[in-house]
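The values are calculated or read from the model by the stated rules, or taken from the named source; none is laboratory data. Values in this document were obtained by computation on a predicted structure and should not be read as measured data. Please note: Cβ atoms are built from the backbone with ideal geometry, for glycine as well, and neighbour counts cover all protein chains shown. When the accessible area is computed, the model is the full protein with side chains, heavy atoms only, and any ligands, DNA or RNA have been set aside. Shrake-Rupley method; radii C 1.70, N 1.55, O 1.52, S 1.80 Å.
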Amino acid sequence: MPERLRVLAGDCHVTERGDRTRTHRGRVVVLVKPDNTTLVHDADGYQPVAWLTRPDSVVVEGDGEGFTVTAREGSRQLRIVAEEATAARGLPVTEAGIPVGTCPDDGGPIVRSRGDVVCLDCETRWGLPAGASVTDATCGDCGLPKIRVERGEPFHLCLDPACDPLEAAVRDRFDRVWDCPDCEGDLTVESAPGRVFLGCEHYPTCETTLSIPNGVVVDDCDCGLPVFETATGRRCLDGTCEDGPR
Ligand SMILES: [Zn+2]
Ligand SMILES: [Zn+2]
Ligand SMILES: [Zn+2]
Ligand SMILES: [Zn+2]
């Protein structure tokens, strides 16, 4: 169920207590967000007349005629009293993000918001690998949008890692392709939660690990490892390599 934004309106006394105390009076709209952020808007401009951002507590009381909203944050208090309410209701709200597709389970909109991808109807969330973008393509197995992520080359994978794990794709392509810079071993593709990297096959005798840059292989370095083109320029797979581009 989406969270609810409470919307209240009426002829109100709005009293702020904190460093100083002041009271406004007017026909205003009070918004209480699911995170308790409380905003009082009058007829003018975009800025609230009074507000508290994510206060410790908000209590909304109503008697059918009027309402009282009391928000507290430490020693600060915002109190809104309406003798007569013209509106008092809860409205479903979600986070808003850039639309990237449609949920195959419920047809709901899928948006990208704060680095995650979320269905606004079932509220399923998917994390994205670092540097990934969501594409217009759709997974043939589950119907979710596909993502594009560069780890040596571009991989086009299902948004759901259970459907199409990044580590499996990178392993198919780059397992034992390069040699360990510190011994005779091969570099194998390893994974940890949220991360795919290269490690020496002779672990734990050789403890060399290398993260795979978000970029594509464009050249060979004099050291024998590949050179990656990344958003911040070219670099050797081994970030400490002295032979690498600079
Ligand atoms: Zn959904
Ligand atoms: Zn899929
Ligand atoms: Zn090694
Ligand atoms: Zn190098």
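Need one number: the % of Cα-Cα pairs in region 92-160 sitting beyond the 16 Å mark. Of all Cα-Cα distances in region 92-160, 42 percent exceed 16 Å.
Rounded to the nearest 20 debye, the dipole size of region 86-146 about its Cα centre is 240 debye, using +1 on the Cβ of Lys and Arg and -1 on the Cβ of Asp and Glu.
The HN-Hα couplings worked out from phi for region 9-18 by the Karplus form 6.51 cos²θ - 1.76 cosθ + 1.60 (θ = phi - 60°) are 8, x, 7, 10, 9, 10, 10, 9, 10, x Hz, whole numbers, x standing for Gly and Pro. Volume per residue for region 155-246 equals 105 cubic angstrom (convex hull of Cα atoms).
For region 129-197, the solvent-accessible area works out to 52 Å² per residue, with a probe of 1.4 Å and every protein chain left in place. Modelled label positions at ARG234 and ARG125, each set 7 Å beyond Cα in the direction of Cβ, lie 4.0 nm from each other.
In this entry, region 67-115 is assigned a mean projected area of 6.6 nm², taken as a quarter of its C-alpha convex hull surface.
Annotation: amide H of CYS221 within the under-5 Å range of VAL227, sequence separation 5 or more or interchain, hydrogens built in the peptide plane.
From helices alone, the chain scores -1000 deg cm²/dmol at 222 nm; the rule is -39500 (n - 2.57) for each run of n ≥ 4 DSSP H residues, then divide by the residue total.
Which of the listed residues, THR86, GLY185, CYS221, is farthest toward the dipole's positive end in the chain, when Lys, Arg count +1 and Asp, Glu count -1 at the beta-carbon? My answer, from the dipole projection, is THR86.
Given their separation in residues at 0.36 nm each and the Cα-Cα distance between them, ARG25 and SER113 gain 28.0 nm when the chain is fully extended. Sites listed here are chymotrypsin sites (Phe, Trp or Tyr not before Pro) in region 122-208 whose DSSP assignment is loop and whose Cβ has at most 13 other Cβ atoms within 10 Å, and the list is empty.
When both region 164-210 and region 1-43 are represented by their alpha-carbon centers, they are found 55 Å apart. For region 1-122, calculate the relative contact order in percent as a whole number, restricting contacts to Cα pairs under 8 Å that are 6 or more residues apart. 25 percent. Each residue of region 170-187 was assigned a 3J(HN,Hα) from its phi angle through the Karplus expression (A = 6.51, B = -1.76, C = 1.60, θ = phi - 60°), giving 5, 5, 4, 9, 10, 5, 6, 7, 10, 8, 4, x, 10, 7, 7, x, 8, 8 Hz with x at Gly and Pro. Between amide H atoms placed 1.01 Å from N, distances below 5 Å from THR208 occur with CYS200, all of them 5 or more places distant or on a separate chain.
About its Cα centre, the dipole of the chain is roughly 1500 debye, where the only charges are +1 on Lys and Arg Cβ and -1 on Asp and Glu Cβ. For region 1-134, the alpha carbon convex hull comes to 151 Å³ per residue, rounded to a whole number. Listed values for region 199-211 are Karplus-derived 3J(HN,Hα) couplings in whole Hz (6.51 cos²θ - 1.76 cosθ + 1.60, θ = phi - 60°), namely x, 6, 5, 8, 4, x, 4, 10, 9, 5, 10, 9, 6, and x replaces Gly and Pro. Centre-to-centre, using Cα atoms only, region 139-154 and region 76-100 are separated by 38 Å. Put simply, the chain fits an ellipsoid with semi-axes of 55, 22, 15 Å; these come from the alpha carbon gyration tensor as the roots of five times its eigenvalues, largest first.
If only the Cβ of Lys and Arg carry +1 and only the Cβ of Asp and Glu carry -1, the dipole of region 164-243 around its Cα centre is close to 360 debye.
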